[in-house]
1. Scanning region 204-237 for residues that are within 17 Å of V106 (Cβ to Cβ) and of a type in the set (A, V, I, L, M), which turns out modelled with the lowest pLDDT?
2. For region 106-126, what are the residues that are closer than 14 Å to K215 by Cα and either under 20 Å from the mean Cα position of the chain (by Cα) or not hydrophobic (A, V, I, L, M, F, W, C) (or both)?
3. Please return the ranges of helices (runs of 4 or more DSSP H) entirely within region 116-234 where 3 or more residues are without any contact (Cβ under 8 Å) to a residue 40 or more places away in the chain.
4. Being assigned to a helix (DSSP H, G or I) and at negative phi: is that true of I107 here?
5. Against the definition (over 14 Å from K2 (Cα atoms) and out of contact with any helix residue (DSSP H, G or I) (no Cβ under 8 Å at 6 or more places or on another chain)), how does K76 come out, yes or no?
6. Can you find even one residue in region 185-200 that is acidic (D, E) and within 23 Å of L119 (Cβ to Cβ)?
7. Which members of region 68-77 meet the condition of being surrounded by fewer than 22 Cβ atoms within 10 Å (Cβ to Cβ) and over 24 Å from the mean Cα position of the chain (by Cα)?
Amino acid sequence: MKFINYLDDFINYLLKNNFNKSTVNTYYTGIKIFNLYLDNNNININNINDRSITTFLNLLKNKNSTKNVYRAGIIKYINFLNDYKNSNINFKSVDRFKREKAISKVISWIEINSTLDKLRATETQSSLRDLAILNLVIKTGIKISDLIKIKKDEFSLQYNSLIIKNHEIKIDNELSKILNELKQSTPDGCNLIRSYSKNNNNNNLTIRSVEIIIKKYFPCNNYNDLKMTYFINLLDILPEINIINTHKSDNSIKTIKEIITNT
């Protein structure tokens, strides 16, 4: 029996069991490529094992996330063949690939200041909120999950501070002024950073909506990139750790900025 003989039956089985069509298509692609690998290496269906699957996946140039979907599809197909088509493919387990860590990109101060200047010149409630979001991430490194939960009474104009999870965070005069303007129009008990959409009944922002707002102003970047600016900014206030040993064999010395920007 050819490995690929019952692929169409398998795909129909998945669709009947309400598998996501996009996932099914990726399974199909992975199985077809794996079948080519088997043919090119003269591997009989009865000789498929953990090693052959792992070797195939390691040869691929795809991202680890795609390899993991291919892996899942191949394993499900083998189980389908064994359970429903009287196959006897013997394999124990195939390890998942580790998730790749995204490398943050540092946004230039020129781009940041240009974007903030444009927002300052736009006098709408939503632009004021967006200005607050960008400034909060850049100047405090706050998590989005904490940002969207800031209550009106957790901001103090008198002390230029925010209370986040019972911790006081000092902020500069500009951000304090922005938050104070938002506070004036925020009903008691409501979140300070909120939605102004007529379709949003509870006026609460979600993590996804904040990510979209950041993308609106920095299309080629994301929250992590913007937060990296906060860490770069720390160099101005923590000069004593500006230069550190990289602990490499040549005892090379690098600045934190060089390490962060990988230069």
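1. L235
2. Across region 106-126, the qualifying residues are I107, E111, T115.
3. So the answer is 173-184, 207-217.
4. Considered against the rule, which asks whether it is assigned to a helix (DSSP H, G or I) and at negative phi, I107 comes out as no.
5. Spelling it out, it is not the case that K76 is over 14 Å from K2 (Cα atoms) and out of contact with any helix residue (DSSP H, G or I) (no Cβ under 8 Å at 6 or more places or on another chain).
6. At the first step, the residues of region 185-200 found to be acidic (D, E) are 188.
Then drop every residue that is not within 23 Å of L119 (Cβ to Cβ), which leaves none.
Checking region 185-200: not a single residue is acidic (D, E) and within 23 Å of L119 (Cβ to Cβ).
7. I75, K76
The values are calculated or read from the model by the stated rules, or taken from the named source; none is laboratory data. Small disclaimer: the values here were computed from a predicted structure and weren't measured. Glycine gets a Cβ as well: all are built from the backbone with ideal geometry, and neighbour counts include every protein chain shown.
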